[in-house]
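Please read the structure below before turning to the comments.
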Amino acid sequence: MTATAMEPNRLAAARDDRVATRPLPARLISRPEVGSLVGAIVIFLLFMAVAEPFRNVANVGTILYGASTIGIMAVPVALLMVGGEFDLSTGVAVTTSGLAASLFAWNFGLNVWVGVLLALALSLAIGAFNGWLLLKTGLPSFLVTLGTFFILQGVNLGVTRMLTGNVASSTISDMDGFDSAKEIFGSEVTLGPVNLKVTVLYWVILTSIAAYLLLRTQLGNWIFAVGGDADAARAVGVPVRATKIGLFMAVGFCAWLSGMHLLFQFNTVQSGEGVGKEFIFIIAAVIGGCLLTGGYGSVVGASIGALIFGMTQLGINYAGWNPDWFRAFLGLMLLLATIVNLYVKRKADLR
Amino acid sequence: MTTAIIGSKPATDHPEPPPLLQLDNVGKSYGNVHALRGVTLNVRQGEVTCVLGDNGAGKSTLIGIISGLHDYTEGAMQLDGQPCRFASPRVAQSSGIATVYQNLALVPLMSVWRNFFLGNEIRKGLLRTLDIKRMKRICDEELRRMGIVIPDLDRPVASLSGGQRQCIAIARAIHFGAKVIILDEPTAALGVKQSGVVLRYILRARDAGLGVIFITHNPQHAYLVGDHFVILKLGQVALDARRAELTLARLTTEMAGGQELEELSAELRGETGQRDGSDTRTGARSEQEEG
Ligand SMILES: Nc1ncnc2c1ncn2[C@@H]1O[C@H](COP(=O)(O)OP(=O)(O)OP(=O)(O)O)[C@@H](O)[C@H]1O
Ligand SMILES: [Mg+2]
């Protein structure tokens, strides 16, 4: 045999002195959530300056409540976007879950917990269906979930009218199990002057778990991989199908959690509710640094995006501005955030 | 096609161990494209099997079957004497087959160490947290052994050079390969030094008792390390010979199409003689003709 030297160790290469280790600030600024953090601080300062009630500490609870209802969905939507897909059916899926629990329990006169569990199964199934159909057909998630969006929207209205003759589910506050379910999904605690809804707790827990999952576990590695390059991920042994379907089911789970809050907070669910919310969740994730093309993003960023929403929604109110401007403001935020993220990312990669 | 010596293996003095991996008349169609037809191949332990062939000959399709990337449509495959059909690359990997794909299978936006351990992450503790420190250390060691140093393993793979990326893919396969290592044109993007390292690695893996499948366009590289040579042509085995039966010159000729090449060179010589006797390049000549 020709080649005989068999000691690659000896080839220990000289250190490449062209690449300096990147300084800590450069590494910090290359985190995907940086843009959203800057945005959140700017908006916070803005409303602190112009809106007197914004400075009242008692309103923290209200602001956080608004942020949490968006954040609970923005977190799984961000995971899904990092995994390379997105879901347009999330807004109406929340309504579907609330309606399913309510109508099922009411129609058959059962304990509401039966309805709650059925709604959970249904929400997970909707998520799994989205993922399965997507992988089966190879269609882009835009088309598949646009289909589910319309189907769910129609079913919400149709089934509610069929069963109640109304556009909202009947109130279930006098049924068995309602009080205990309300404890879980719609309670609140008072800390000094601040009233905190239980959704804030769920939001914080979900954000922590998802952030840990994404950055510190094998599953997180797989989520980045299936979003970044699904073929490469499959070739090195990542179960791409299971990961993607799992992500859609996580979205389903959070839609259920949101739906249950909706139901037990207001006793009844409007069947037309939720349309348009899906974009708010996606925008929160994008503001938080998620790339629409997948493979890059942050859960913490998405939660900061949700916080920006919460602050803006109420800030505009508190400042006495006309709430008509809210949407225009959102669009502007989205564009700014995307541009800032792009700019920061380029800068950081070059450094 | 010239002397295809299919199956004419000389009987050796000592009884050969059964092949590690055995393909028997394996075929694969993409719709109506028969990318691979009746391929029979034996990969033995402690041997380097070189697969050579033109572009589109079916080499990547062949290794795709072995690495579980796609299913075969005809024939049978055996690993360690057991019939096998890998449902996914994950199954093939857990059977001890590691692959360096031609397209490298790296995720561009992910960091070097995350790519290195993708699908084989090291975890620790009750929460099964990623052992990032350990993974970075191993990744750094393996890359240094290949002669490349990447100071910041947190850099996304997209920011590295083509050769560095290829080294990551190779180091990864070498690190995780347990029984069979497949390298699909691993030296395509490499410099002389790194190519040398890769060839040494191939021999080292062979000496460690692995079966190595080495796919290349370069007969010199193949002849340096190969024990056994298979040439694919239009999805079929055109030559299957052991090292003792071949010389480098013969291998090169076979690879270039054997008799076809001789015919071609005779034809070209005749043609240039008829034209103007000089050996200008075709492009230059056509320009002259137009002018
Ligand atoms: N996904 C596919 N769908 C249809 N045909 C395919 C597909 N992949 C490969 N082929 C066809 O199969 C044949 C063999 O391709 P393959 O990639 O195995 O060649 P190769 O020997 O690896 O070539 P190269 O040296 O260029 O890498 C080609 O004719 C190609 O067009
Ligand atoms: Mg190929």
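Take every Cα pair under 8 Å whose residues are at least 6 apart in sequence, average their separation, divide by the length of segment A:204-264, and the relative contact order is 19 percent.
Quick one: compute the contact order of chain A, relative version, from alpha carbon pairs under 8 angstrom and 6+ residues apart, as a percent.
Rounded, it is 35 percent for chain A.
Under conditions of 10 °C and 1.306 mPa s, segment A:158-223 yields 102 µm² s⁻¹ as its translational diffusion coefficient, taking Rh as the Kirkwood radius over Cα pairs in the Stokes-Einstein equation. Note on residue B:40 and residue B:158: the extension gain reaches 38.7 nm, defined as 0.36 nm multiplied by sequence separation minus the Cα-Cα distance. Look at the dipole of chain A built from charges on Cβ: of A:75, A:173, A:159, the Cα furthest out on the positive end belongs to A:75. In this rough spin-label picture, where each label sits 7 Å from Cα along the Cβ direction, the residue A:176-residue A:60 distance is 4.2 nm.
Assuming R0 = 45 Å, what is the FRET efficiency of residue B:55 and residue A:343, from their Cβ-Cβ distance, to the nearest 0.05? So, using R0 = 45 Å, E works out to roughly 0.60.
Over the whole of B:84-90, what's the average partner chain Cβ count within 10 Å per residue? Rounded to a whole number, please. Intermediate results must be reported in sequence, preceding the final value.
Details: counts 0, 0, 0, 0, 7, 7, 7.
Per residue, the average neighbour count from other chains is 3.
Label separation (residue A:321 vs residue A:142): 3.0 nm, computed from points 7 Å beyond Cα along the C-beta direction. Helix A:299-318 and the longest principal axis of the Cα set of chain A meet at an angle near 40°.
Inter-chain Cβ neighbour count for A:219-227, averaged per residue, equals 4 (cutoff 10 Å, partner chain atoms only).
Each of A:261, B:34 was scored by other Cβ atoms within 10 Å of its Cβ. Listed from fewest to most, they are B:34, A:261. Near residue A:168, once Lys and Arg are set to +1 and Asp and Glu to -1 for all other residues with Cβ below 15 Å from its Cβ, the sum equals 0.
Among A:155, B:225, sorting on how many other beta-carbon atoms sit within 10 Å of each Cβ, with the fewest leading, yields A:155, B:225. Take every DSSP beta bridge whose two residues both sit in the protein assembly as shown; close to 60 percent of them are antiparallel. In whole angstrom, note down how far apart the Cα centers of segment A:136-163 and segment A:26-90 are. First find each Cα centre; the distance between them is then 28 Å. Once both labels are positioned 7 Å from their Cα atoms along Cα-to-Cβ, the gap between residue A:183 and residue B:263 label points is 8.8 nm. Legend: distances between Cα atoms for A:244/B:133; B:59/B:233; A:244/B:59; B:133/B:179; pairs beyond 19 Å are A:244/B:133; A:244/B:59; B:133/B:179.
Each residue in B:179, B:233 was given a count of other beta-carbon atoms within 10 angstrom of its own, and listing them fewest first yields B:179, B:233.
How would chain A be classified by its alpha-carbon gyration tensor: rounded, prolate or oblate, with rounded meaning a/c under 1.5 and the a/b versus b/c comparison settling the rest? Taking the square roots of the gyration eigenvalues as a ≥ b ≥ c, chain A is oblate.
What trypsin sites (Lys or Arg not before Pro) does segment B:57-103 have in DSSP loop regions with at most 13 other beta carbons within 10 Å? Provide the component values of the computation, followed by the final result.
Working: sites: B:59, B:85, B:90; in loops: B:85.
Here the sparse-neighbourhood loop sites are B:85.
Along the axis of the charge dipole computed for the protein assembly as shown (Cβ charges of +1 for Lys and Arg, -1 for Asp and Glu, origin at the Cα centre), the listed residues A:342, A:236, B:181 are led at the positive end by A:342.
Summing Lys, Arg as +1 and Asp, Glu as -1, what charge do residues with Cβ under 11 Å from the Cβ of residue A:88 carry, residue A:88 excluded?
Details: positive: A:277; negative: A:85, A:87, A:278.
After counting each charged neighbour, the total is -2.
Where a number appears in this text, it was derived from the coordinates with a stated rule and is not lab data. All of these numbers come straight from a predicted model, not from anything done at the bench. Note that each Cβ is placed from the backbone with ideal geometry, even for glycine, and that neighbours are counted across all protein chains shown.
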